[in-house]
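One structure is given here, and the rest of the page talks about it.
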Amino acid sequence: MVFGPDITEQLARARADLRLGVPIVLAGSRPVLVMAAETLTPARLTGLLALGGEPVLAITSRRAETLKAHAYDGSFARVLLPHDAALRWVKSVADPADDLRNPMKGPLACARGGDATPHGLAIDLIKSARLLPAAVILDLTDAAQFAVQNGLTVIDLNAAKPILAARSPLHPVVNARLPMEVSEAGRLHIFRPDDGGEEHYAIEIGRPDRSKPVLARLHSACFTGDIMGSLKCDCGPQLHAAMAQMGSEGNGVLLYLNQEGRGIGLTNKMRAYSLQDQGFDTVEANHRLGFEDDERDFRLGSDVLKSMGFSSVRLLTNNPRKVEMMEASGVKVAERVPLKVGENRHNHAYLATKAAKSGHLL
């Protein structure tokens with residue numbers, strides 16, 4: 001069908017459905033109904049329980065560790081839903097906001113054995129939708145008919161797995177001259193992925209020689225630091241210092257990647273901030289939410305650089321992981337250029353955690 005959506009487009013549709021609270025169906029050897037715990041409604045939970053079967057709440061092993069639940073499936077756990085489960089119970093398992101006020105959520109019984117492939121893919125898909133990584137899942141006996149009757153998006157499991165595991169190709173859309181305070185010789189490039197996700201930007205200063213290492217920075221979007229001047233991180237000062245150095249040297253490329261909050265999105269980042277206010281450090285907060293320390297994919301930066309004709313960089317960073325991923329992606333890092341700015345009394349502990357737990361060279 002020429003006009004029908006391919007699997008990449010179907011996944012984009014599924015992300016939108018999950019964000020709206022609409023269930024999807026994962027079709028394969030074990031077809032299942034999937035609902036994002038964060039956007040689940042009382043009516044849909046009641047309808048799910050009325051279908052019978054053994055519904056589960058799939059959560060990541062990071063979240064399971066916090067709840068003392070057994071992650072028999074390795075990277076995630078399948079928590080059995082009580083037959084009288086209320087929405088409040090589901091939300092309390094998925095969301096750590098009330099963990100300290102209501103620490104006793106168990107003991108939680110977890111499923112083990114059998115094919116859990118759909119459950120892992122469901123979590124990956126929900127993560128990519130920037131929602132809390134938790135999914136309410138129920139096996140279906142006649143998935144195709146159920147989907148048609150309820151107008152639900154159907155995703156072929158085998159077709160979706162390689163798409164979700166790979167990063168979407170980025171394509172240049174447009175670039176135009178952009179005079180800036182740091183340099184009047186500025187140009188902004190826009191790159192768009194195939195999967196309907198966020199666009200990414202490259203700010204080119206001057207006319208860098210493609211045959212030499214270019215002064216470059218991979219900067220992840222930080223609304224609070226870059227725009228609001230937040231003192232909880234060093235992102236804003238790093239952004240402006242990197243731009244100023246490029247302007248001073250007369251050329252450079254700043255890659256502005258829309259991977260807010262270390263790749264978990266602004267909403268989840270604010271959830272992490274709320275947990276930090278309860279006394280957890282930045283890594284602990286991410287883990288309690290069900291995320292890894294850092295969910296970003298810095299290979300996006302190397303993709304953009306190579307498409308612009310650069311093969312070697314002088315990388316402005318304190319993060320050795322960026323250097324490693326850049327080299328592994330085929331862009332040579334001729335020099336790591338430190339960028340130590342922005343420390344203050346509000347972010348001192350945050351920076352210390354980045355150094356101790358994430359290996360930043362501060």
Checklist line | Sorted peptide list for 54-60, 194-200, 74-80, criterion being average Cβ within 10 angstrom, highest first | finding: 54-60, 74-80, 194-200
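For segment 12-133, compute Rg over Rh where Rg is the Cα radius of gyration and Rh is the Kirkwood radius from the inverse mean 1/r over Cα pairs. Walk me through the numbers before you get to the answer.
Values: Rg = 13.5 Å, Rh = 14.6 Å.
When Rh is taken as the Kirkwood radius, the ratio is 0.92.
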Check: Taking R0 as 45 Å, what's the FRET efficiency between N344 and L87 from their Cβ-Cβ distance, rounded to 0.05?
Finding: 0.65
Check: What ranking do 123-131, 39-47 get when scored by the average of other Cβ atoms within 10 Å per residue, highest first?
Finding: 123-131, 39-47
Notebook entry, point to check: So how tilted is helix 266-277 from the main axis of the chain? Cα-based, degrees 0 to 90, rounded to 10.
Noted result: 90
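To the nearest µm²/s, what D does Stokes-Einstein give for the chain at 37 °C and 0.692 mPa s, using the Kirkwood radius over alpha carbon pairs as Rh? Each step should come with its number before you reach the end.
Working: Rh = 22.1 Å.
Translational diffusion coefficient: 149 µm²/s.
Taking 0.36 nm per residue of separation and subtracting the Cα-Cα distance, what length does fully extending R299 through R101 add? Each step should come with its number before you reach the end.
Numbers: separation 198, 0.36 × 198 = 71.28 nm, distance 3.98 nm.
My answer for the length gained is 67.3 nm.
Under the 0.36 nm per residue contour assumption, what length would be gained going from the current alpha-carbon distance of I190 and R321 to full extension?
Values: separation 131, 0.36 × 131 = 47.16 nm, distance 2.48 nm.
Using 0.36 nm per residue and subtracting the Cα-Cα distance, I get 44.7 nm.
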Next item on the list: State to the nearest 20 debye the size of the charge dipole of the chain about its Cα centre, where the only charges are +1 on K and R beta carbons and -1 on D and E beta carbons.
Entry: 540
Next item on the list: Just report the Cα centroid separation between segment 112-180 and segment 185-209, whole Å.
Entry: 26
Check: Roughly speaking, what is the stretch gain from S274 to V2, that is 0.36 nm per residue apart minus the C-alpha to C-alpha distance, in nm to one decimal?
Finding: 93.2 nm
Check: Taking H as built 1.01 Å from N, whose amide H comes closer than 5 Å to the amide H of S220, not counting residues under 5 places away?
Finding: L257
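Could you tell me the relative contact order of segment 191-319? Use alpha-carbon pairs under 8 Å, at least six residues apart, and round to a whole percent.
Reported as a whole number, the value is 34 percent.
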Note to self: As a test, work out the antiparallel percent of DSSP beta bridges whose residues both lie in the chain, rounded to the nearest 5.
What the structure shows: 70
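A short reminder: the numbers here are calculations on the coordinates, not readings from a lab. Nothing here was measured: the structure is a model prediction, and the numbers come from that model. FYI the Cβ positions are ideal-geometry reconstructions off the backbone, even for glycines, and counts take in every protein chain you see.
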